[in-house]
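First comes the structure, then the notes that go with it.
The values are calculated or read from the model by the stated rules, or taken from the named source; none is laboratory data. All figures in this text were calculated on a predicted structure; none of them were measured in a lab. Cβ atoms come from the backbone with ideal geometry, glycine included; neighbour counts cover every protein chain shown.
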Amino acid sequence: MDQHIAEAIGRPDLIHLDERLVCLRFETMKVVSALAAVRHLLDTGAVRRGDTLLDSSSGIYAYALALACHRYGMRCHIVGSTTVDRTLRTQLAVLGATLEQMEPCSDLKLDQKRRVERIHEILLHHPEYHWMRQYHDDIHYLGYRTVADRILRAVGTRSLTVVGGVGSGASTGALARHLRTAGPGADDVELVGVQPYGSVTFGAEHVTDPEIIIAGIGSSIPFGNVTHELYDTLHWVSFDAALVGSVDLLRRHAVFAGLSTGAAYLAARHERARSPERTVLFVAADTGHRYADTVHARHEEAADITGLAPQEVSDLSELALPWSRMHWNRAPAPAPAPRA
């Protein structure tokens, strides 16, 4: 029996959608990493019960950290993006978390920059606060070991391809790292990362999506805990293409999930078609409630998913909307783009 609701929320479902296509569905994925990180900090003496944990978030991690703090008797202080909605603000308030939300801003890079600056201001006045550094600390890899163990028991590692948003690197990267050390032949696990256009993580900052950058799977600032050498293939997916994936996933398989999941599902279908002998597992990071009005309500305008295919590129300069694919071959991080 679970001792706290966070443990139940953090436990994913494994759903067999189709031949060799598996969905790893979370209600809120980052609860897994937040719980394990806070537990590790307590066990090692880095923090004590009652201390304040601090971080920046665009939404999902704020909720995850608030739940972890509630579970372990900690205080929680979040510097939130402009994208934090009313429902989440209410949940955080009732859970006892402090939320400082940035003023509305159309520039995601400026929003992230202001949040980081505010974190440093808070630490100057409260050096006793512990900054969780979800974008930079490998401590957030810890929680995904149990998830990898579950995948290992249910699916195995033979001819397995894992597909999902790169984000901070502490989800798909962690799953691949754990699965590839699971035993003989486990290095056969392939990792396919999904990115939005405009993200600097894999060098797509020079391509702008006319809609929005998909929150959670990319970034306009460098992340310190992305291990580029873990990824075999990258897909860059636009908002419009991800919308098609989200709508088709709900229509075809009755899975109601967010925009990043739609992008991962799109990429997973393509990878399965390319490699019929492999099992493809994709990560569904959260439910679709945040996107009901902006994505699912537009289902009538969604294109037919069978008519979509990525443009294959061999160089980052060739990236183009709405969907590009590139063999990354476990290469290191790309050199920063030259300043204009």
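Residue count for the range 269-309, restricted to those that are touching a residue at least 60 places away in the same chain (Cβ under 8 Å), hydroxyl-bearing (Ser, Thr, Tyr) and closer than 18 Å to residue 251 by Cα: 1. Among the residues of the range 188-203, is any surrounded by fewer than 24 Cβ atoms within 10 Å (Cβ to Cβ) and either outside the structural domain of residue 20 (by TED's automatic domain parsing) or polar (S, T, N, Q) (or both)? Within the range 188-203 (the criterion being surrounded by fewer than 24 Cβ atoms within 10 Å (Cβ to Cβ) and either outside the structural domain of residue 20 (by TED's automatic domain parsing) or polar (S, T, N, Q) (or both)), the answer is no, since none of the residues qualifies.
Going residue by residue through the range 13-30, is there one that turns out to be at pLDDT below 95 and polar (S, T, N, Q)? Looking for residues that are at pLDDT below 95 and polar (S, T, N, Q), one finds at least one in the range 13-30, hence yes.
Determine, yes or no, whether residue 155 is crowded, with 21+ Cβ neighbours inside 10 Å and β-branched (Val, Ile, Thr). Here the answer is no, as residue 155 does not meet what is asked. Being more than 20 Å from residue 87 (Cβ to Cβ) and of a type outside the set (Ser, Thr, Tyr) is the filter; apply it to the range 278-297 and report the residue that is surrounded by the fewest Cβ atoms within 10 Å (Cβ to Cβ). Among those residues, the one meeting the criterion is 278. Within the range 175-216, the set of residues being on the phi > 0 side of the Ramachandran plot and touching a Pro at 6+ places or on another chain (Cβ under 6 Å) comprises just one member, 203. Of the residues making up the range 121-146, those that are under 16 Å from residue 35 (Cβ atoms) and either in contact with a helix residue (DSSP H, G or I) (Cβ under 6 Å, 6 or more places away or on another chain) or without any contact (Cβ under 8 Å) to a residue 24 or more places away in the chain (or both) are 134, 139, 140, 141, 142, 143, 144, 145.
Scanning the range 241-277 for residues that are assigned to a loop (DSSP other than H, G, I, E, B) and surrounded by fewer than 18 Cβ atoms within 10 Å (Cβ to Cβ) yields 254, 256, 275, 276, 277.
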